[in-house]
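Notes follow once the structure below has been shown.
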Amino acid sequence: MRKRSTIILAILIIIALIIVLFIPANPLSDGKTKPFYAGVTFCGNTTVEAKLLIDRVKNFTNLFVLQSGPISKNETATNEICEYAVTSGLNIIVYFGWFDIACPWQLPWLDTAKQRWGEQFLGIYYYDEPGGIQLDYNWSRYFEYLKLQNSTMYQSHASAMEAFMNGSLAKNYDLAACMYIDRIKKDIGIQELKNRSITTFTSDYALYWFDYLGGYDVMLVQVGWNETLAKSLGLIRGAARMQHKSWGVIITWKYDEPPYLDNGEEIYKQMVSAYEAGAEYVAVFNYPYDGNNIYGLLIDEHFEAFVRFWTDIIVNKKVLHGSIEAEAALVLPMNYGWGMRFPYDRNWYWQSGERGQHIWTLSLSLLSEYSNRLDIVYDDPAYPIDGKYKKISFWNESI
């Protein structure tokens with residue numbers, strides 16, 4: 001009897017140790033102990049403006065995105081704002097649109113940022129909207145520039161660029177995807193960040209799958225404008241899940257004129273939806289600063305939304321991080337670089353045709369059925385989908 005009691009006691013001790021050692025202690029984790037960051041972007045012009053915003057949000061956020069073009073050219077201001085944010089308890093992401101040869105301090109700054117601010121320095125927001133630019137840009141001018149420079153990019157894809165400029169470029173999605181991915185991989189700034197093992201962020205409104213393939217570590221999907229939130233979440237979460245990447249949401253303009261941002265209640269709902277879907281980052285895009293408001297676009301109702309989100313979700317844990325998981329997936333054709341904003345949206349360099357119309361209709365049907373539980377991914381043998389979802393619908397199935 002005594003021996004049996006000793007064995008039972010030993011088993012209970014082992015179980016207790018397993019609970020202590022292997023069950024995550026962080027109640028905000030999604031089961032993978034990933035941290036969660038929520039905050040604002042700063043797109044103003046001065047350190048005074050940045051410090052005012054930091055003081056306003058530091059008690060109910062943990063992320064400050066220094067997303068100011070003018071500040072990114074000013075080493076003293078960049079350091080002063082980063083130091084103030086970190087001292088205030090915030091984690092920082094620092095924006096560089098590109099590494100400017102007129103600002104020779106930028107690359108050496110990368111070498112010291114991690115040492116200076118440690119884990120609170122999350123990485124670099126580099127460039128912006130590469131996928132959106134791919135769909136909406138005037139490529140003839142850019143290709144002509146590459147040709148005049150005889151750049152390595154032109155040398156690698158000269159025939160395709162020439163065909164595009166003379167109007168004879170045939171639809172070749174594989175080649176278009178290769179050119180796009182290659183352009184990101186060969187970007188000098190991306191290479192500098194990769195060489196230093198610095199996490200690379202950017203935001204976009206299309207082609208997240210290919211942004212990841214190009215080398216970005218974290219994509220922030222732009223939401224808030226007239227686009228279905230469930231579709232945006234499905235596209236970014238699907239790409240991140242299949243490629244084992246991190247993702248987040250940046251809440252942008254709803255209007256093209258003041259007040260630009262949606263109301264506080266809607267922004268609160270968007271933050272909660274992103275959190276439930278498993279986003280690791282949520283930020284509100286705070287541009288422009290027009291001098292009428294010391295906090296940029298953000299007004300009291302937006303700050304109140306952040307306070308409510310922080311209290312409800314982070315402090316009181318009313319919602320479990322990642323609690324809404326994708327049950328189904330819509331699989332798009334391999335390298336089908338479609339904007340998916342409307343039925344005949346651009347696909348790489350061309351307008352989509354009947355295939356796009358069919359996929360659009362199918363996507364609406366699946367979103368109606370699954371909403372935030374639908375991922376949208378690509379048919380790619382490098383990222384097999386078998387066993388990842390309960391329901392898999394391929395792009396060419398009947399509706």
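Rg over Rh for the chain works out to 1.01, using Cα positions for both radii and the Kirkwood form for Rh. Accessible surface computed residue by residue for the chain, with neighbouring protein chains in place and a 1.4 Å probe, gives 47 Å² per residue. Across all directions, the shadow cast by the convex hull of the stretch 293-339 built on its C-alpha atoms averages 6.6 square nanometres. The label-point distance for E325 and I392, in a model that sets each label 7 Å from Cα toward Cβ, rounds to 1.7 nm. Label separation (T76 vs T311): 4.2 nm, computed from points 7 Å beyond Cα along the C-beta direction.
Between R116 and I399, what is the FRET efficiency for a Förster distance of 45 Å, r being their Cβ-Cβ separation, to the nearest 0.05? Taking R0 as 45 Å, the efficiency between R116 and I399 is 0.20. In terms of the Cα gyration tensor, with a ≥ b ≥ c the square roots of its eigenvalues, is the stretch 58-191 rounded because a/c is under 1.5, prolate because a/b exceeds b/c, or oblate? Because a/c hits 1.5 or more and a/b exceeds b/c, the stretch 58-191 counts as prolate. To put it simply, the accessible area of the stretch 311-399 at a 1.4 Å probe is 50 percent carbon and sulfur.
When restricted to Cα atoms, the stretch 240-351 yields an Rg and a Dmax of 17.3, 49 Å, respectively. Pairs from the table (K51/K231; K58/K114; K186/K390; K51/K269) lying more than 32 angstrom apart at Cα are K51/K231; K186/K390. Could you tell me which of rounded, prolate or oblate describes the stretch 134-198, using a ≥ b ≥ c as the square roots of the eigenvalues of the alpha-carbon gyration tensor, with rounded for a/c under 1.5 and, failing that, prolate when a/b is larger than b/c and oblate otherwise? Because a/c hits 1.5 or more and a/b exceeds b/c, the stretch 134-198 counts as prolate. Highest mobility in the GNM of the chain, judged by mean-square fluctuation with C-alpha springs under 10 Å and restricted to I314, I124, I236, is found for I314. Set against the 2.2 N^0.38 Å expectation for a compact globular protein, the stretch 234-293 has a Cα radius of gyration ratio of 1.32. FRET efficiency for the pair K51 and K185, taken as 1/(1 + (r/R0)^6) with r the Cβ-Cβ distance and R0 = 51 Å, rounds to 0.85. Cross-link pairs exceeding 18 Å between alpha carbons, from the set K185/K388; K317/K388; K34/K317: K185/K388; K317/K388. Name the residues of the stretch 173-206 whose amide N is less than 20 Å from a point 7 angstrom out from the Cα of E354 along the C-beta direction? Flagged as within label range: 173.
When peptides 244-255, 138-149 are ranked by their average number of other Cβ atoms within 10 Å per residue, the highest-first order is 244-255, 138-149. Taking every DSSP helix (H) stretch of at least 4 residues in the chain, weighting each as -39,500 (n - 2.57) and dividing the sum by the residue count yields a mean residue ellipticity at 222 nm of -13000 deg cm²/dmol.
Name the aspartates and glutamates eligible as straight-distance cross-link partners of K73: C-alpha to C-alpha under 18 Å, and not fewer than 8 places from it in the same chain. Filter leaves E49, E83, D100, D111, D128, E192.
When a/c is below 1.5 the answer is rounded, else prolate if a/b is larger than b/c, else oblate, so apply that to the stretch 316-361 with a ≥ b ≥ c taken from the square roots of the Cα gyration tensor eigenvalues. It comes out prolate by the Cα gyration axes.
The values are calculated or read from the model by the stated rules, or taken from the named source; none is laboratory data. Since we're looking at a predicted model, the values are computed, not measured. For neighbour counting, all protein chains shown are included, and Cβ atoms are generated from backbone atoms with ideal geometry for every residue, glycine included. Each accessible area value is taken on the protein alone, full model and side chains, heavy atoms only, with ligands, DNA and RNA left out. Shrake-Rupley method; radii C 1.70, N 1.55, O 1.52, S 1.80 Å.
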